[in-house]
Amino acid sequence: MTKIIVDGVEVDVPPEYTLLQACEAAGVEIPRFCFHERLSIAGNCRMCLVEVKGGPPKPSASCAMAVRDCRPGPNGEPPVVLTNSPMVKKAREGVMEFLLINHPLDCPICDQGGECDLQDQAMAYGVDSSRFAENKRAVEDKYIGPLVKTSMNRCIHCTRCVRFTAEVAGTADMGAIGRGEDTEITTYLETAMKSELQGNIADLCPVGALLHKPASFRARPWEYRKTPSIDVMDALGSAIRVDTRGREVMRILPRVNEAVNEEWIGDKTRHIVDGLKAQRLDRPYVRKDGRLQPASWAEAFAAVAAKAKTTPPQRIGALVGQLAGVEEIYALKQLMRKLGSANMDCRYPGSPLHPKNGRASYLFNATVAGIEEADSLTIIGANPRREAPVLNARIRKRWLKGGFPVTLVGEAAELTYDVKHAGAGPDSLARLIAETREPVGKRPMVIVGQGALNRADGAAIYAQAVKLAQALGAFADGQNGFNVLHTEAGLVGALDVGFVPGEGGLDTAAMLKAGALDLIFNLGADEVSIPDGAFVVYLGTHGDRGAHRADVILPGAAYTEKSATYVNLEGRVQQTERASFPPGDAREDWAILRALSDALGQRLPFDSLAQLRAAMIAEHRLLGRIDQIEPGDAASLAALASAGGQASNAPFEAAVSDYYLTNPIARASATMAECSALALGVTRQAAE
């Protein structure tokens with residue numbers, strides 16, 4: 001640690017700290033435009049100038065000068081830094097004057113107004129007039145895709161967007177062309193950006209040059225009601241903020257969570273806002289004469305009750321989809337118990353994941369933050385860039401530090417970091433196990449994706465993956481480097497409450513066989529095809545595949561419209577908060593199931609969300625530990641290595657083929673449809 005005096009306050013900081021970080025440690029706020037804690041240092045805006053005693057006789061850029069580079073006093077006193085001296089004040093005012101030479105007077109019509117760093121700092125360091133009378137520079141706006149709107153007259157060349165795409169996203173979409181006053185930030189050929197994280201550059205932009213295109217000219221920041229929540233577009237559980245105006249969700253932004261998403265979110269998370277109000281189910285429906293007809297709640301419940309009375313328990317089943325919260329999953333499980341049926345499942349056909357094998361068998365055991373401590377990675381049947389782009393950025397962050405070889409078994413893919421492709425299927429995985437004769441590194445990681453598990457030989461593939469983890473040394477010294485990469489937000493929570501077949505019960509594959517069941521409760525499972533013949537009761541939010549197949553539709557609430565518990569892929573218990581209300585007659589799913597239980601004569605023992613959660617936590621205590629992880633026992637995985645049967649030779653297929661259209665909300669979004677069409681066109685061009 002090194003002592004330094006900032007405005008008369010002595011602080012002890014690491015020598016590698018920049019002066020800007022040292023000043024903030026002393027409680028002094030330093031203005032900046034180009035500096036960002038998660039990006040490399042550019043030092044090109046000069047707004048962070050400070051005076052260093054004993055240093056150069058001019059202001060120094062605090063973001064680019066390290067504490068170790070400061071000269072001590074004549075008698076060995078700690079270096080002295082001044083942030084409010086006349087020299088600093090005059091220098092910052094000069095920098096602000098330069099920045100405003102070409103900046104247009106767009107504040108009344110700029111969507112960044114109210115959230116603009118330039119506005120804020122101009123209030124502190126701006127002057128009432130300018131010495132420059134030349135015409136302002138004009139720059140043509142660029143097309144960089146359907147998600148980010150450009151107004152490049154406002155650009156101050158901080159290069160945050162350039163550094164983000166090159167360092168975090170790994171696509172190097174953005175760059176600077178020209179020199180001097182002809183410098184422009186662009187995608188070179190003015191093509192659409194390819195990254196699944198591109199929306200973050202609009203958050204990073206300190207002015208109004210890059211904005212969120214779908215949210216343009218819709219509202220001002222001070223009109224929003226801001227609700228902290230959790231994302232459910234993938235299994236990572238990123239921290240988000242839902243901004244609403246009235247009853248409408250207007251935008252979704254990231255919140256900082258160092259352990260999960262840092263401060264990034266994927267484009268699907270950010271821009272499915274229009275999908276929350278399109279194709280919504282806002283009233284119950286009952287199929288009459290082959291057509292779904294609007295009905296009252298009483299009529300819908302009566303139709304379900306009439307069918308349930310004539311159906312034996314062994315012919316009743318329940319399926320759970322990817323966006324379901326733990327509360328409604330638990331309520332549906334209790335209802336199935338009361339109906340006497342053991343036919344329930346939350347997994348895809350073939351999946352070997354089961355709570356009886358212990359929590360370690362289906363968690364991302366190394367944790368998301370633990371990726372940064374690993375020294376090697378093997379990916380089996382997964383594409384992290386499509387399945388969890390923010391997690392993929394964390395892998396890239398570790399790869400950039402060096403000493404992190406990555407091996408992929410499965411579909412070849414561009415993952416934004418160097419990968420050794422070891423093959424496409426189970427035979428390649430078996431060969432890799434045979435070639436691994438000693439542990440690799442001190443903290444190896446193995447990631448198994450749903451593309452390797454959701455198949456007929458899923459149990460055999462799972463066993464091989466555990467064997468590879470053992471051979472690599474992933475369980476050495478008490479660690480657990482074996483990880484399952486989920487693609488669905490609700491799956492881990494469903495496994496935690498045991499929503500799997502009971503004794504003698506049917507799993508998903510068996511329930512989806514023609515003639516297997518007469519009555520199926522479908523809680524948002526839109527990714528499976530239910531055969532004709534069964535009477536289907538669908539609880540969901542959108543007119544998607546599940547609603548089209550339903551005989552009775554009970555409209556539920558989306559994740560922004562309810563307070564619900566979700567468990568992310570690493571086992572972290574999280575909760576969403578209600579930011580708006582469901583449309584029309586739609587209700588929260590647990591409340592629907594509670595009312596339905598009365599109609600079925602099998603009343604569930606709770607009348608409020610608090611009572612439901614109390615019963616759920618009493619049975620599964622880990623669900624009450626919000627934002628905590630209950631780790632699994634790695635020893636339970638050893639027995640699974642010898643389980644399973646014979647693996648086929650079919651290559652692994654990615655669980656997510658189209659990142660933008662993975663769930664009913666995304667498929668209802670016009671913005672996601674445009675992104676999907678654009679990505680599909682790029683993929684075809686690359687193939688040709």
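Below, the figures for the structure above:
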item: Inter-probe distance in nm under a simple model that places probes 7 Å from Cα toward Cβ, at SER296 and ALA138; result: 6.5 nm
item: Fraction in percent of alpha-carbon pairs per bin - 5 Å, region 580-640; result: 4, 14, 15, 15, 16, 13, 8, 8, 5, 2, 0
item: Label zone at ALA305 (point 7 Å along Cα-to-Cβ), backbone N below 14 Å, region 573-596; result: 594-596
item: Per-pair calculated FRET efficiency, R0 = 41 Å: ARG179 and ARG220 via Cβ, rounded to 0.05; result: 0.65
item: Accessible-area ranking of TYR538, TYR224, TYR17, TYR285, largest first, probe 1.4 Å; result: TYR17, TYR285, TYR224, TYR538
item: ASP173, ASP585, ranked by accessible area, largest first (probe 1.4 Å); result: ASP585, ASP173
item: Estimated distance in nm for a label pair at ALA643 and GLU577, the labels positioned 7 Å out from Cα along Cα-to-Cβ; result: 4.0 nm
item: Segment GLU77-LEU400, length gained on full extension (0.36 nm per residue, minus Cα span); result: 112.5 nm
item: Accessible area, probe 1.4 Å, largest first, for residues PHE217, PHE581; result: PHE217, PHE581
item: Residue-level accessible surface for VAL406, protein heavy atoms, 1.4 Å, Å²; result: 10 Å²
item: Accessible area of ILE5 in the full protein assembly, 1.4 Å probe (Å², nearest 10); result: 40 Å²
item: Neighbour cut-off at most 14 other Cβ (10 Å), DSSP loop, GluC sites (Glu not before Pro), region 145-232; result: GLU190
item: SER563 - accessible surface, heavy atoms, 1.4 Å probe, Å² rounded to 10; result: 20 Å²
item: Added length on full extension, which subtracts the Cα-Cα distance from 0.36 nm per residue, ARG38 to ARG68; result: 8.7 nm
item: Amide H contacts under 5 Å for ILE379, placed H, 5+ residues apart; result: THR407, LEU408, VAL409, ILE447
item: For peptides 272-278, 615-621, sequence by mean Cβ density within 10 Å, most packed first; result: 272-278, 615-621
item: Cleavage-rule hits, trypsin sites (Lys or Arg not before Pro), region 402-484, DSSP coil, Cβ neighbours within 10 Å at most 12; result: ARG437
item: Cross-link reach list, lysines versus LYS442, counting only Cα pairs under 25 Å and skipping chain neighbours closer than eight places; result: LYS397, LYS401, LYS420, LYS467
item: Between region 526-585 and region 47-63, the alpha-carbon center distance in angstrom; result: 57 Å
item: Cleavage-rule hits, GluC sites (Glu not before Pro), region 1-85, DSSP coil, Cβ neighbours within 10 Å at most 15; result: GLU16, GLU29, GLU37
item: Note, ³J(HN,Hα) from phi for region 142-159, Karplus 6.51, -1.76, 1.60, rounded to Hz, x at Gly and Pro; result: 10, 8, 10, x, x, 9, 10, 8, 10, 9, 6, 4, 8, 5, 10, 6, 6, 6
item: Kirkwood hydrodynamic radius over Cα pairs of the chain, then Stokes diffusion coefficient at 20 °C and 1.002 mPa s, in µm²/s; result: 78 µm²/s
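The values are calculated or read from the model by the stated rules, or taken from the named source; none is laboratory data. Remember, it's a predicted structure, so these values are computed and weren't measured experimentally. Neighbour counts run over all protein chains shown; Cβ positions are idealised from the backbone, glycine included. Remember, those area values only see protein heavy atoms, side chains included, never the ligands or the DNA or RNA. Shrake-Rupley method; radii C 1.70, N 1.55, O 1.52, S 1.80 Å.
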